[in-house]
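Asker: Below you will find the structure I want to go over with you.
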Amino acid sequence: MAKTLTQEFTKGLWQEIPPFRLVLGLCPALGVTTTVQNGVGMGLATTFVLVCANLLVSVLRKVIPAKVRIACFIVVIATFVTLVGMLMQAFTYPLYGMLGIFIPLIVVNCIVLGRAEAFAYKNPVLPSIADGLGIGLGFTMALGALGAVREVIGTGCFTVPFGPTLTILSADWYTPFAFMVQAPGAFIGLGLMLCLMNLVPSK
Amino acid sequence: MNDMVKMVVVLTLLAAASGFLLSFAEQKTAPLIEMQVLNNEQWPTLQTIFKDADNLDTLVDQRFKIDLGDDENVTIFPGVYNGEPKAVAFEAKSTGFGGPLGVMVAVNLDTDEMVAIGVTVSQETPGFGSRAKDEPDLANQFKGLGLLQSFSVKADGGDIDAITGATVTSRAVCAAVTSAGETYKSIKPEILEKVKAI
């Protein structure tokens with residue numbers, strides 16, 4: 001318990017960055033990372049849910065009986081996922097269209113349930129928020145990075161999140177390797193990035 | 001026993017609070033979401049199917065809703081030709097290969113013939129089913145046909161040429177147009193009543 005708030009926050013950005021260190025949340029990592037923007041959008045939606053769910057679970061941790069804690073976590077998480085779905089439809093409709101079914105699927109994302117169970121249920125409010133924010137932003141960075149690799153190799157372009165699409169590799173000399181933006185490319189891209197991450201020591 | 005009661009009470013209260021929060025959020029976001037759907041999905045299709053209408057710039061503001069019962073309603077967009085509201089367009093849904101599929105159907109109120117149709121929402125496979133939305137070949141076949149009949153692709157004994165490699169999508173478009181016909185039949189008197197005001 002000697003960890004500071006900063007440590008709780010920064011551990012999610014590198015030491016325990018999902019999905020590379022904590023190998024959780026692979027479904028959205030494989031499913032939506034066809035562009036940088038999709039990856040970052042998905043990451044931010046997950047971050048919102050993580051922070052809110054961690055906050056509420058931490059506030060209610062003395063009230064929630066241990067035997068029904070998982071059911072309570074799911075109710076809390078599902079509420080925020082539904083909420084983020086409505087907000088995205090209301091304000092970022094095209095992005096919601098691209099992410100589609102993966103937004104409701106945040107409910108069953110193991111990262112969110114895992115943080116509620118492993119951290120927020122046992123820790124005070126502030127560290128829980130720091131933990132949720134750190135893990136969420138780490139997940140956003142990871143999805144953005146995987147999205148960038150797949151998009152640049154697969155299409156030769158780079159979509160600045162919520163901005164314009166830039167052409168990185170000119171079509172004059174670069175034939176897009178479209179395989180990378182299809183489903184098998186996701187597995188190979190993620191596998192290679194996991195491999196690279198394992199070459200670097202985590203501490 | 002005390003434990004049992006606590007479990008039930010906590011979970012019940014949590015679920016009730018969640019229900020209240022979400023119904024509140026739903027009320028607040030519903031109009032915003034309707035505008036987003038209109039701008040992103042229906043408007044681009046409306047522009048194509050009503051490209052010759054006189055009121056292209058104002059037809060979104062002239063839209064009206066008709067109650068279908070069971071808490072459902074349909075939004076009708078009137079199209080004005082030569083100064084008269086001769087046609088209306090509305091959206092019908094069905095299920096395609098990749099998920100929900102929406103088809104905007106414009107129908108002539110005098111002859112019950114289709115003016116044009118266009119796919120609005122589509123999650124079909126890029127390069128195959130997506131051609132129902134991106135290419136006019138399938139949609140054009142419906143032009144001028146009477147809406148009050150059922151449609152099917154040639155493989156199922158109908159008259160519609162399916163898109164090669166996208167039979168499921170083509171069937172979904174036929175199903176959506178057929179259901180649009182059924183809706184139209186049941187609400188035509190109300191439509192005629194409402195367009196008089198335009």
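The values are calculated or read from the model by the stated rules, or taken from the named source; none is laboratory data. Remember, predicted model here, so these are calculated numbers, not experimental data. Glycine gets a Cβ as well: all are built from the backbone with ideal geometry, and neighbour counts include every protein chain shown. We work out accessible area using only protein heavy atoms, side chains counted, and drop any ligands, DNA or RNA first. Shrake-Rupley method; radii C 1.70, N 1.55, O 1.52, S 1.80 Å.
Asker: Enter the per residue convex hull volume of the protein assembly as shown, computed from alpha-carbon coordinates, in Å³ rounded to the nearest integer.
Answerer: Hull volume normalised by residue count: 183 Å³.
Asker: Moving on. Using bins 5 angstrom wide from zero, how does P(r) for region A:33-109 break down, in % of all Cα pairs?
Answerer: Values per bin, smallest distances first: 3, 16, 26, 21, 15, 9, 6, 4, 1.
Asker: Ignoring any ligand, DNA or RNA, what whole percent of the accessible area of chain B comes from carbon and sulfur when the probe is 1.4 angstrom?
Answerer: Carbon plus sulfur share of accessible area: 54 percent.
Asker: A further question follows. May I have the count of lysine pairs in region B:46-195 with C-alpha atoms under 15 Å apart, counting pairs 8 or more residues apart or located on different chains?
Answerer: Number of lysine pairs found: 7.
Asker: Could you work out the pair-distance distribution P(r) of region B:77-148 from its alpha-carbon pairs, with 5 angstrom bin width and percents rounded to whole numbers?
Answerer: 3, 17, 24, 23, 16, 10, 5, 2, 0
Asker: What's the FRET efficiency of B:THR125 with B:LYS6 using the Cβ-Cβ distance as r and R₀ = 45 Å, to the nearest 0.05?
Answerer: Calculated value: 0.30.
Asker: Sticking with this structure for a sec: Could you tell me the ratio Rg/Rh of region B:121-198? Both radii from Cα atoms, Rh via Kirkwood.
Answerer: 1.06
Asker: Given springs between every Cα pair under 10 Å in a Gaussian network model of chain B, which of B:PRO126, B:PRO136, B:PRO85 has the largest fluctuation?
Answerer: Looking only at B:PRO126, B:PRO136, B:PRO85, the largest GNM fluctuation is found for B:PRO126.
Asker: For B:GLU113 and B:GLU34 in one chain, what is 0.36 nm times their gap in residues minus the Cα-Cα distance, to one decimal in nm?
Answerer: Extra length from B:GLU113 to B:GLU34 when fully extended: 25.6 nm.
Asker: Label points 7 Å out from Cα along the Cβ direction at A:THR167 and B:GLU135: separation in nm?
Answerer: Distance between label points: 2.5 nm.
Asker: If a paramagnetic tag sat 7 Å from the Cα of A:THR4 along the Cα-Cβ line, which residues of region A:87-124 would have the backbone N under 19 Å from that point?
Answerer: A:124
Asker: Stretch A:ALA66-A:TRP14 to full length: gain in nm at 0.36 nm per residue minus the Cα-Cα span?
Answerer: Taking 0.36 nm per residue and subtracting the Cα distance, the gain is 15.6 nm.
Asker: Mind telling me which of A:LEU26, A:LEU137, A:LEU87 comes out most flexible in a GNM of chain A, alpha-carbon contacts under 10 Å?
Answerer: A:LEU87
Asker: Using a Debye calculation, one point per C-alpha and no hydration shell, please list log10 I(q)/I(0) for chain B at q = 0.11 Å⁻¹ in order.
Answerer: -0.57
Asker: I've got another one for you. What is the list of residues in region B:65-95 whose amide nitrogen lies under 16 Å from a point 7 angstrom out from the Cα of B:GLU26, following Cα to Cβ?
Answerer: B:70-73
Asker: For region A:8-199, what is the per residue volume of the convex hull drawn over the alpha-carbon atoms, in cubic angstrom?
Answerer: In region A:8-199, the Cα hull volume divided by residue count equals 113 Å³.
Asker: What's the total accessible area buried between chains A and B, using a 1.4 Å probe, rounded to the nearest 100 Å²?
Answerer: 1800 Å²
Asker: Now a separate question. So for region A:1-70, considering every pair of alpha-carbon atoms, how many percent are separated by more than 14 Å?
Answerer: 73 percent
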